[in-house]
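Worksheet: the structure to be examined is printed underneath.
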Amino acid sequence: MTATNDAFVTFEKVRKTYDGRALVVSDLDLAIAKGEFLTMLGPSGSGKTTCLMMLAGFEHPTSGRITLGGRPIDGVPPHRRDIGVVFQNYALFPHMTVLENVAFPLSVRQVSSAEAGERARAALGMVHLQHLAERRPGQLSGGQQQRVALARALVFEPKLVLMDEPLGALDKQLREHMQYEIKHLHERLGVTIVYVTHDQGEALTMSDRVAVFNEGKIQQLSTPRELYERPQNAFVASFIGENNAVRGTLKSVGAGACEVEIPGGMLRCVPIGAGGVGSGKLVSIRPERVHIVEDGASFGNVMPARIEEVIYHGDHLRLRLSTMGMGDFIAKVPNARGNQRFVEGGELRIGCDPADCLALDVPTNG
Amino acid sequence: MVADETRNLRASLRRAERRRTLRGLGLTLPLILFTLVFFIVPIAGMLVKSVQNGPMPDILPQTSALLQPWRASAERGVPDEAVFAAFAGELRTASQERTLPELATRLNFENAGYRSLLMATARRLPEAPTGTWRETLTGINPQWGEVAIWAALGRASTRVTDNYLLAALDHRRDDNDRIQATDPSRAVYVASLLRTLEISGIVTLLCLLLAYPLAYRLATLPESTANLLMILVLLPFWTSLLVRTASWLVILQREGPLNDALRWLGLISQPLELVFNRPGVIIAMTHVLLPFMVLPIYSVMKGIPPNYMRAATSLGAPFFTAFRRVYFPLSLPGVTAGCLLVFILAIGYYITPLLIGGANDQMVSSLISFLALQTLNWGLAAALGTVLLVITVALYFVYSRVVGTDGVKLG
């Protein structure tokens, strides 16, 4: 899937700078397979949108090469790339009806108006909006506009569809609904999708693979599950999901296991990264992988902790704990009947499996 | 019960809203009053003046009344003795009450020479007629036996008249009150109106051609550069119109810098005639009015998200197709507003054509000013103004029908 020779889209050593000093994208290599749903995830200013715009042809790489279907596309103007783009805020043309909007890519390709209308209606049917064909975009709700934009980007059957934070303007419930809809369209049409978002939930639920961007570099490129459960570095661990980062020093390394000395004890962890014995480590522990040690249960790591705060979340409780030299260690416990006993100031013991403790390198810039 | 509650709720809503409404009104009231007093009232006054006939029904009430059946008759001769008698009596009264000059001025518009006829007749009018009043008056001046003189008196005898409006369109009523074209040698108003429309149209078109690309560039440039260029666009606003016009006079004249430069470049061998003719007027007016075209177009373009063009391009439209089908239609409200603004301003232009134009480049406003200030023919001046107003309003409606009213946005 990731082999470069059968890749559909490739970035090769792509660099981009706007002012000649700071690199917005630095030495980016990326291969996207045909039919893949790849998400570029990262905080704002991390270079993900710039990558998308370079792919669409609105920006040009300062150096390096981008290929599409095996051919470099640097010399191809945007309108000849046959890439559908769904923009943030949709960019529906307000002076055209919904149908005219969707038929636009066909009519500029000299498709006869009868055929264009027919195909546009079919595309609208695909997003369940056939009944709104004669409306103006301004008369539609955000979710409906979003679907029109989707139909418009798909109607000319592009090989590649780019989406730039397409769900950013929708409320939470609609966003989740649209996530499924986009995912199902992708499965049905088999089109390659490159999706840009800063919302990790979106990235995890929709994508085949996620590329996490930070400071113009891809920090990790892997499946959502791997991204969450085996983050490659501290940035990814903290950016994706909730994370407790415990500072410590690497004491010994074995095969697939290591020991990290932390304030008040030793943690058995999975070593990730290059740091050798004696180097600083950040041990990443997900709050939901922290267990309250009951009598008779045994865990690879057990630590004493004091409850600083109990936050009620309905289906679960979050405990803010003082432990391992941290005052804000978070543990997530299910709101089971027995768990009403947690009170502020209470002492308890927490445990977690060594496989859930990832010893990551401390990032160089702190 | 429920109805009561609803009523109470409505009442308290009204109370709550009243303060806000009053405050809002307080803020806008000065402007509303100003507009009313200095804009609506003068325009209404002008409209009234253009159909107001003058003082005759008040000064010669009986004659005016008696002339109406005479005017209605199909075959007109000289009016009968009753009219002559009433006229002679009222003429004497008017002479004593010193209202005669006012009447004479009005009648002079109908027929040059009426003033002296009237004044001389009043001076020589006896207490009692010798024979009939008709014989007496024709004795004083044989003109009183002519239909034309009475027809003129008849035209002035009503309170409302279409004479001025007809005159503004180069038409008049003849002695039988039939509408006729004015003698071509004296027909100046329609030609002047057409010239005004032509110059305004050309200036509007030139402004549009110059302003549209400029506004597009301004709207797509980064903010700081755009602001700098905008100052250049607005600079003319900060200079007096008179100064700007005078400087065009300097630039465009035979020995002026423009002709010098063109000759130095070898583009022309003889200096171009650019002042006191049509090209000069058009160049200067285009320059003066350009900001009024740039600003509305720019403000509309500024509101078009850049994503629209990108979206159109990514969907397969080459730049010009994208521009034609997406950007241009969205910028049309600005174009509409700019064209209307420039055209309406150009129609009323006065100083620039006066200073830079020749005799054949004068616009209708200079005629209006001539009529109002030199000949004191306020009725005709008002009628010309009314015709101009009607043309402007009609153009606005045609234009908004063609382009769509919903899009018109001034600023």
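The values are calculated or read from the model by the stated rules, or taken from the named source; none is laboratory data. Given the structure is predicted, the values throughout are model-derived calculations rather than measurements. Please note: Cβ atoms are built from the backbone with ideal geometry, for glycine as well, and neighbour counts cover all protein chains shown.
Are any residues in the stretch A:291-348 in contact with a strand residue (DSSP E or B) (Cβ under 7 Å, 6 or more places away or on another chain), surrounded by fewer than 15 Cβ atoms within 10 Å (Cβ to Cβ) and at positive phi, and if so, which ones?
Result: A:Gly325, A:Gly345.
For (1) over 30 Å from B:Leu221 (Cα atoms); (2) within 14 Å of chain A (Cβ to nearest Cβ), each residue gets a yes or a no:
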| position | (1), (2) |
| --- | --- |
| B:Leu315 | no, yes |
| B:Phe343 | no, no |
| B:Val387 | yes, no |
| B:Ser400 | yes, no |
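Please work out if B:Val326 is in a helix (DSSP H, G or I), touching a Ser or Thr at 6+ places or on another chain (Cβ under 6 Å), buried (at least 19 other Cβ atoms within 10 Å of the Cβ) and within 14 Å of another protein chain (Cβ to nearest Cβ).
No.
Collect the residues in the stretch A:317-336 that are in a strand (DSSP E or B) and over 16 Å from A:Ala245 (Cα atoms), keeping them in residue-number order.
A:Leu317, A:Arg318, A:Val333, A:Pro334
Name the residue, out of B:Ala372, B:Ala337, that is closer than 24 Å to B:Lys49 by Cα, part of a helix (DSSP H, G or I), more than 13 Å from chain A (Cβ to nearest Cβ) and among the aliphatic types (A, V, I, L, M). Break it down into steps so the answer makes sense when it comes.
Numbers: B:Ala337 fails: closer than 24 Å to B:Lys49 by Cα.
Matching residue, one of B:Ala372, B:Ala337: B:Ala372.
Can you tell me how many residues within the stretch A:85-94 are more than 7 Å from chain B (Cβ to nearest Cβ) and buried (at least 21 other Cβ atoms within 10 Å of the Cβ)?
So the answer is 3.
For the stretch B:219-236, state whether one or more residues are in the same structural domain as B:Pro353 (by TED's automatic domain parsing) and more than 30 Å from B:Asn307 (Cα to Cα).
Yes; the residues of the stretch B:219-236 include at least one that is in the same structural domain as B:Pro353 (by TED's automatic domain parsing) and more than 30 Å from B:Asn307 (Cα to Cα).
With the checklist (1) within 14 Å of chain A (Cβ to nearest Cβ); (2) modelled with pLDDT of 90 or more in hand, flag the one item B:Val281 doesn't pass.
(1)
Would you confirm whether any residue within the stretch B:160-181 is buried (at least 18 other Cβ atoms within 10 Å of the Cβ), within 25 Å of B:Thr352 (Cβ to Cβ) and in contact (Cβ under 8 Å) with a residue 40 or more places away in the chain?
Checked the stretch B:160-181: at least one residue is buried (at least 18 other Cβ atoms within 10 Å of the Cβ), within 25 Å of B:Thr352 (Cβ to Cβ) and in contact (Cβ under 8 Å) with a residue 40 or more places away in the chain.
Considering only the stretch B:241-286, state which residues are part of a helix (DSSP H, G or I), of a type in the set (D, E, K, R) and either under 18 Å from B:Ala359 (Cα atoms) or in contact with a Pro (Cβ under 8 Å, 6 or more places away or on another chain) (or both).
B:Arg244, B:Arg263, B:Arg278
For the stretch B:147-202: of the residues being of a type outside the set (Val, Ile, Thr), under 15 Å from B:Met56 (Cα atoms) and part of a helix (DSSP H, G or I), which is farthest from the chain's Cα centre (by Cα)?
Applying the filter and picking the extreme gives B:Trp150.
What pairs come up if the first residue lies in the stretch B:390-410 and is surrounded by fewer than 16 Cβ atoms within 10 Å (Cβ to Cβ), the second is at pLDDT below 75 and of a type in the set (Val, Ile, Thr), and their beta carbons are under 8 Å apart, counting only those six or more places apart or on different chains?
B:Ser400/B:Val408
Quick one: is A:Phe104 within 29 Å of the chain's Cα centre (by Cα), crowded, with 17+ Cβ neighbours inside 10 Å, within 11 Å of chain B (Cβ to nearest Cβ) and among the hydrophobic types (A, V, I, L, M, F, W, C)?
Criteria not met by A:Phe104.
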